Structures are given as C-alpha cells and as structure tokens.
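Below is one structure, written out as structure tokens; the observations come after it.
Bear in mind these aren't lab numbers, they're just calculated from the coordinates by the rules spelled out. For clarity, every value in this text was computed on a predicted model and none was experimentally measured. Cβ coordinates were reconstructed from backbone atoms using ideal geometry, including for glycine residues, and neighbour counts include every protein chain displayed.
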Amino acid sequence: MNKVFFALILSFISTAALAQITGGGQRSVLSGGSSIPADSLNYLNPKDYIIGGVTIAGVQHLDKDVILTISKLNKGDKINLPGEQNANVIKDLYKQGLFDDVQLNVTAIHADTIFLEIAVTERPRLSRLHITGLRKGEVEDLNKKLNDKTGKIVNENLISTTTAIIKKHFHEKGYLNTTVDTKQTKDPGDPNSVILDVAVNKHKKVKINSVTFEGNSKLSASTLRGFMKNTRPKKFWHIFGSKKFKQDKYDEDKQTLVEKMQERGYRDAEIVSDTVTMHDEKTVDVRVKLHEGPKYYFGDIKFSGNATYNSDLLTRILSIEKGQVFSEEELGKRLTGPTPNNDDVSSLYLNNGYLTFNADPVQTRVHNDTVDLDIRIYEGPQYTINRVILKGNDVTNDKVVMREIRTKPGQKFNKELLIRSAREIGQLGNFDEQKTEPKPTNINPVDGTVDLIYNVVEKPSDQIELSGGFGGGQLVGTLGLTFNNFSLRNIFNWKAYKPLPKGDGQKLSLRGQSSGRIYQNFSFTFSEPWLGGKKPIYFAVSAYTQGASTGQYYPKTSPNYNRLRINGVGVTLGRRLNWPDNYFQLNYSLNFDHYDLDNYGGYVLQNGTSYNIKLTQELSRNSIDAPIYPTQGSNIKLTIQATPPYSLFNNVNYKIATPEERYHFVEYYKWKFDAQWFNRIAGKLVLMSQVRFGYLGQYNKIVGASPFERFKLGGDGMQSYQYLQGTDIIGLRGYENFSIVPVGSNQNSNTNQGNAIYNKYTLELRHPVIASQSATIFLEAFAEGGNVWDNFSQFNPFNVRRSVGVGARIFLPIFGLLGLDYGYGFDKIPGQPDANKGHFHFTISQSLSGGFN
C-alpha cells in the first residue's frame, strides 16, 4: 500500500513539472516529423539537453532580443529539463511586470538537442488618461506632469506612480485628504490598449490647527511661530500669511525658522524632527522638535590679506562690535551686501575696480559663547572697463541708451555705477526694468580688463487714452496719444513710420477732449531729454487751447450765457546737476496763458481778458529705483513760480479798478513742495510716504490774490474739464472732487474757486500682484489727510481732513497707469453733507515715475 501511494506522488510531481514547462497545455513536441508525447520529459529522470534554438511567440510591442536576453536561454547552452532552470526562466520574465502570461514550450527534441518556445501575452498599454472630478485648468496642470505615461505598460507600478503624482500635486496645494480611484477600460480603437479612468476628489484644503515646538528654552513659541509666516494656525488675528497647510511653504518655513534662530545668535540651531498629523478631517497639527543650543556673540574680529585698505577702515565699515549677538546673515550683509546704502565691505572694493574681490570669514576660535573671526581678504587686481556692449534694443537707438550708461571704457570697474546705469535705463520707460541685466564678461586678469554687457528687453512704451464720461452734466469724450520713444529727425522719413518714427527717446503727446460745441480742449507737448544730443539738457515745448460755452443755447444777453477761452504756450529748458549729487535736475519754464471770459463763473474774474506770463523754476531730485513700482528711493520737487510785479509800474489805481482792470495782467508768486519716500518693509511690501504743500502769494495786498493758479483739494485728483488749466487739482480720496474748503467757509464744491494754501500727507502700503513686461498690478491701503486755507493767519498744518481706504493700480503699457480706489472720509464738510464718507475714485495716467497724487 505504501509503495502504491509513493508511486502516485511521483506521478503527480512529474505531471506538475510538465505543466510548468508547457504552461499547463497539452501541446505535442515534434521531432523528425514524428509526434512525441510531452510526458516523455520526466521529473524523475531529468536530462541535460543542448539548446538548439529559442523562438518568441505572442510579442506585439516588445523587442524579442530583449526577452531572449532576460530568459538567459542561449543557443548552444546546456539546460537540465525538467528542473529548476525552466522555472527560473518563467519567474524572471514575470518579474519584469510586462506580461499577463508566460509559457515555456518544447517544440522539438533531436537526440540531446532541444528546441524551445517562449510564448507570452503582453500586458495592455496606456492609450490615454481620463481624469474626472477636477476643473479644466487643474486637469491641464496634471496632464503636464503625467504626459510621459502614455504608451507605457499598465501595471501596478504605473497605477501607483500616477496616484502618487496626483496626490503629491494636491498635497503641495493644501489638499491633504485627496483621494484617487483608478479603473481600466478597453480602448475601442486599440484592443491591446486601455484607458485609465482616474477619479480625483480633492476634498477641501486642510488648515492648520496648531503649531507647537519642543526643545526651545530661550526663544518663546510665539516668537518661533512668527518666523513661520506661511505656516500659521487659524486665528482671527492672523490677517497676513496663509492658514492653509502647504507642504512647499512648510518646507520653506522650516528653513527660515533655522535661519532666523541663527540670526539671533543660536548658531547651533537645527530641527531634530517634525511631524504633521491630522487633528480632524479639516485641520492638522504641526509639531517641530528643535535643538536650540546656546546663544553666541561676536568676539575678536581681525582682517588679513588686505593691502589697499587698512584694518581700522574695514572694521568701521563692517560695523560689528565685540559682544554683539552672533549672526552669520548680518555678517554676510556687512561683508558682501546688499545693504540699504551700499556701505558694505565688498562695495568699497567693487566700487574701486576690484572685480574679483572676495572675503572669507573664518571662525578661528569658539570659546564658551564667543566666536572669534579672521576675515581673510582676497583683493585681486583692479580692473578697467575695456568695452561697453548693448544688446536687445531692437527699436531704441544705441545712443539713447548709451548716453544713460555711466560706466565708460577706460574707467575702473564700479559696481555702484553699474547699478545706477541699470536704473537710468529703466527710467527711460522703453525697457522692462525687471529684465535689464548688466553683467561683466571677458574678465582678463592678465591685463586687468573687463567688458560690460547691458542686456535689455524692449517693451511697448506708447500709450493711448480713449474714454468717455460725464462732466458738468455733459458727455465728454477724450482721445490722447503719447509716443514715449519718438524720433523727430525721421519725421520726413516715411519708411520710419510705425505708425510714427521711433527710437530717439523723445516724447510727443497729443490730446483732445470735447463734448461738442459746449466744451473743447486740445493740447500738444514735445520734449527732448538731450538737446543737441551731447549733454543732458532737457527741452520741451507745449501749446493748448481750451474753450467752454453755453452760447448755443442762450443769447449773449441772457444771464445764463457764459463763455471761456484759454490759450497757452510754454517752453522749458533744464539740465541735470552734479551737486549736491547727480540725482538733481534744474528746470526753467516760461509760459504765456491768455484767458478770455464772458460771464464765466469758474474763477474770481468772470468777464474780460487776462494774461498770465509766468517764469517757473523747478529743482528736483529723483532717486527711485523704478518708475512704475518703486521700492526704494525718493522723489522731491521744489517749485517756485512768479509773474512780473505789474502793480509796481503799471500806474493802475487798484483801489478803484474794476476786476477786468485789476486782473488784466495777473501777478502772483507761488511755492510748491512735493516729496515722496519709498521704503521696502518686508519682501515686496513697500511703504510710500508723501508730503505736499502749496502757497499762492501776492505782491500787493490791494491787488489781492490771483484769480488763477489757486489750489483745489479733494477727490481723485484728475482735472475736471472745466478746470483743466489755471488751477492746481490735488486729490484727497474719500471726499468729492474739489469739496475741501477752509473751516468756517460757506463755499461748496459748485462755487469753490480755489484757495491760496494747501497741504496734504499720505501713507500708503503697496504690494504687487503681477510684475511683468505686459502688465503691473499692485494693491494698496492708504491713509491721507489734507486741508486748504485762504491765508497764513488761518494756516494750521495739523488741522486736516482725514481719510483711509484701499485701492489697486494697473499699468498697461498702451494705456498707462489706471487706478481704482475706495476712500472713506472721516470729517464732515460744512454745507456739503455728501462730501465725505465712502467714495470710489478712478484715476488714469497718474503716478508715473513716482508722480504725485
């Protein structure tokens, strides 16, 4: 009985071995034309065969030679069958993840030579991914990351990789509960391909419930949380910074956390471990374990290797005292910058030609809590500029850019002048300031020369103003064209019209405004910043004509009839100054204005003809770093304007003179002061502070104040069409246009003829949303205060009408700067109940080059 059972076991093993060799089929093996049964291969009596050949069956996309290589079955090799060797062949092929089925068949046996066949069934390939559950834009973002999956074998690895990529993509955006379900469906267009249906559910973004720390003893948890500005728990007082958990921002914050700790002297600070655990379905808890270490201080600091400048001077510039809290970041700034005033050690060398200067601070001794330093200086040779190369100015002529560049061949290399040159190129307005890139090249230490390349990118600089609106109860249309890179010398070169000649950096402005016969205004301005082309002498000429009338509706004898005509021309000459520094500009202007009024109520003088001949001197200093979105620097202007003192020599008895005689030639003197300062607070957040003041004086009290050149305060600061000339319009957001009148005045916005004194203060926080060549958008929050007075006896610079608000600015090269503000005025204006409180204000083409609002 036992022998019979053992025989049955052997028979079963033999059958199983044959099934493994033949893939379980009932295939016959052919030899010499006769049929040999497959069970002639017996596990009880395995034999050595020589492989006579191997064929591959069932392959559609794969390389047969690759399959043969993986099988390790080579013609002429010995193989023992049936046995472990044939099982390894099948196992190795399955391991590749490319096949649904693998069989090893015997096709023929000739004596001790055997012929084999590897029969495979390839796994299907991916024809496309079909992602559901997301918005179109989100699907497009994912497809960019998954586009290399098409055509690959669909196996567990591909599915798990696809799932992991999708989850990681949304985890980084704060969707930590994202789920991904996959399903395969046959592609009707290709039977050996499948469509992978991927259902994605992001769920809601996960917020941060808490951020806690372990291991900190000196720095409080609240201080540490303050370092992680993008990883903040959901608290109502956290106005800035995200409350949603984003892995990339969290990783940045961890790095910032360590850097900030080291800034405060904890040079050994590091993160030992950190965990992010689910608090509930909507929030996570963040826990960071720290090694804080002791607080370190600067000890003795010495310099070595310095020959050009002595150690005492370098120590003064370094400005780090013994006993000061140790900070590698502060040390790096004081050595290599950037510092606000470029007063670091590297600037001292780089501004004197030492282009390859290097400073290596070596910690020579750390004792207790004190770090001694040896700052090893490599000065290198002084470099002289060999060539200055300009690239990228496809429209603007070379001379327009080159004359703004302050680094000249033959000069020593100077970092400060390199930066200044980039600023001056940006101030032209013809190039993208973000992409103006000056850099040294061809540095030759043998002869101490270097070339400088200024790479610039042209941007559209011409602007168009096309608008329509209501003013004074009338529909007013405006068309304005400004060509900021005009070329007068090519005015008769018809080939240069695109649509007008360009490239010489001149400015041509044409503007028309009309409501039909009731109101018209046309103006023309041309300016040349380099008159003659050799020196920075500014020249400008302007002319305008303006008229307003209701004569078409009323006869001239009617009390409702009124008419105004103003004509004017002006010329300006100016030049850049080198003292007190080379940011100063001095301009002189001579203007002639002719007023013709007939029963017109917009000014103190309502009838007659008046002439305004004025000489203006403007001293300005503009050091802002960019015209559209300044982040540092200042823009300051002092303007003095005066007419001849006619009352001293015209023999007019002003005590009995009519208004027409009194103001036939207007006389006055006028002072204006405008100043802006820009300071970077943190990151791209900028604080703009502004002060403005104006005073209209008189030579002769009997003559009285001029009816023109007065100040009107309130509103958006844009000049309403009735007052386009002859009055300074100053905005004060949160109040109606021209609504600000002196305290105790009975005037209102309809009868306001202007005042002799005004002042205004502004604080404005700005932050960019988009900063590119095609558009610049920034948001702002502001607080303003301003007021007007009729004389100095009333003047009180601290008695102002106040407002706060928010707004946005959009700069489009073709339209200029557009603005929308909402301001709330706190102070009531007597007689004008609606003048304050909430007001929307729209502005256009203001604040260019740091202009004044």
Q: Determine, from the Cβ-Cβ distance of Lys655 and Leu818 and an R0 of 56 Å, the FRET efficiency 1/(1 + (r/R0)^6), rounded to the nearest 0.05.
A: 0.65
(Q) Starting from 0.36 nm per residue, how many nanometres of slack lie between Asn578 and Val66 once their C-alpha separation is accounted for? (A) 176.6 nm
Q. What percent does the relative contact order of region 125-201 come to when contacts are Cα pairs within less than 8 Å and at least six residues apart?
A. 44 percent
**Q.** Long-range tail of P(r) for the chain (Cα pairs > 39 Å, %)
**A.** 63 percent
Q. Using 7 Å Cα-to-Cβ label points, what is the Met278/Asp447 separation (nm, one decimal)?
A. 7.1 nm
(Q) Taking every alpha carbon pair in region 263-334, what does the distance histogram look like in 10 angstrom bins from 0, in percent? (A) 16, 30, 21, 16, 10, 5, 1
Q: Go ahead and collect, in residue order, the members of region 365-384 whose backbone nitrogen is under 12 Å from a label point 7 Å along the Cα-Cβ direction of Lys322.
A: 371-373
Q.
Can you tell me what share of the DSSP beta bridges in the chain is antiparallel? A percent to the nearest 5 is fine.
A. 85 percent
Q: Could you pull out the pairs from Lys435/Lys459; Lys535/Lys614; Lys408/Lys535; Lys72/Lys95; Lys168/Lys260; Lys205/Lys249 whose alpha carbons sit more than 18 Å apart here?
A: Lys535/Lys614; Lys168/Lys260
(Q) Can you give the local net charge around Pro630? Use residues other than it whose beta-carbon is closer than 11 angstrom to its beta-carbon, Lys and Arg +1, Asp and Glu -1. (A) +1
Q. For the pair Gln255 and Phe592, how long in nm is the line joining their label points, each one 7 Å along Cα→Cβ?
A. 6.6 nm
Q: Per residue of region 659-668, in order, report the coupling 6.51 cos²θ - 1.76 cosθ + 1.60 (Karplus, θ = phi - 60°) as ³J(HN,Hα) in whole Hz, putting x for Gly and Pro.
A: x, 5, 6, 5, 10, 4, 10, 6, 10, 5
Q: May I ask you to list the trypsin sites (Lys or Arg not before Pro) in region 467-543 that are in a DSSP loop and have at most 15 other Cβ atoms within 10 Å of their Cβ?
A: Lys534
**Q.** For Asn414, net neighbour charge (Lys/Arg +1, Asp/Glu -1) across residues whose Cβ lies under 12 Å away
**A.** +4
Q. When the Karplus curve 6.51 cos²θ - 1.76 cosθ + 1.60 is applied with θ = phi - 60°, which whole-Hz ³J(HN,Hα) does each residue of region 639-647 get, with x for Gly and Pro?
A. 10, 10, 10, 8, 10, x, x, 4, 5
Q | Cα-based equivalent ellipsoid, region 497-649: semi-axes from gyration tensor eigenvalues, Å | A | 37, 21, 15
Q. Which aspartates and glutamates does Lys75 reach when only Cα atoms under 17 Å apart count, and residues fewer than 8 places away in its own chain are ignored?
A. Asp48, Asp65, Asp112, Glu117
Q. What is the dipole size for region 297-378, taken about its Cα centre, with +1 at each Lys and Arg Cβ and -1 at each Asp and Glu Cβ, in debye to the nearest 20?
A. 180 debye
(Q) For region 580-645, I need the span (max minus min coordinate) of the C-alpha atoms along each principal axis, in Å, sorted largest to smallest. (A) 49, 27, 14
Q. What net charge is computed for the residues neighbouring Val276, neighbours being all others with C-beta under 10 Å from the C-beta of Val276, Lys and Arg scored +1, Asp and Glu -1?
A. -1
Q.
Out of all Cα-Cα pairs in region 364-503, roughly what percent, to the nearest whole number, are more than 23 Å apart?
A. 57 percent
Q. Roughly speaking, what is the stretch gain from Leu479 to Gln632, that is 0.36 nm per residue apart minus the C-alpha to C-alpha distance, in nm to one decimal?
A. 51.7 nm
Q | 5 angstrom amide H check on Ile829, placed H, neighbours 5+ away | A | Ala835, Asn836
Q) How much length is gained if the chain between Ser160 and Val769 is pulled fully straight, taking 0.36 nm per residue apart and subtracting their Cα-Cα distance, in nm to one decimal? A) 215.5 nm
**Q.** Among Phe842, Gln753, Thr639 - extreme Cα towards positive end, dipole of region 529-850, charges at beta-carbon
**A.** Thr639
Q.
Between 0 and 90 degrees, rounded to the nearest ten: what's the tilt of helix 156-171 against the longest Cα principal axis of the chain?
A. 20 degrees
Q: Find the eigenvalues of the gyration tensor of the Cα atoms of region 125-201, then list the square roots of 5 times those eigenvalues as equivalent ellipsoid semi-axes, largest first, in whole angstrom.
A: 22, 12, 11
(Q) Over 21 Å apart: what share of the alpha carbon pairs of region 392-475 falls there, rounded to a whole percent? (A) 44 percent
Q) Hey, which aspartates and glutamates would be in cross-link range of Lys302, C-alpha to C-alpha under 17 Å, not counting anything within fewer than 8 residues on its own chain? A) Asp312, Glu321, Glu328, Glu330, Asp344, Asp360, Asp372, Asp374, Glu379
Q) Add -39500 (n - 2.57) for each DSSP H run of 4 or more in the chain, then divide by its residues: what number comes out at 222 nm, to the nearest 500 deg cm²/dmol? A) -5000 deg cm²/dmol
Q. If we sort 826-838, 448-460 on the protection proxy, mean other Cβ atoms within 10 Å, highest first, what's the order?
A. 448-460, 826-838
**Q.** Whole-Hz ³J(HN,Hα) from phi, Karplus 6.51 cos²θ - 1.76 cosθ + 1.60, for region 54-64, glycine and proline x
**A.** 10, 10, 10, 10, x, 7, 10, 10, 7, 7, 5
Q.
Students often get this wrong, so check it: of Lys234/Lys282; Lys173/Lys218; Lys760/Lys828; Lys415/Lys439, which have C-alpha atoms separated by over 22 Å?
A. Lys173/Lys218
Q: Measure off 7 Å from each Cα along the Cα-to-Cβ vector at Asn192 and Asn351, then give the distance between these two points in nanometres to one decimal.
A: 7.3 nm
Q. Over the chain, what relative contact order in percent results from Cα pairs under 8 Å that are six or more residues apart?
A. 5 percent
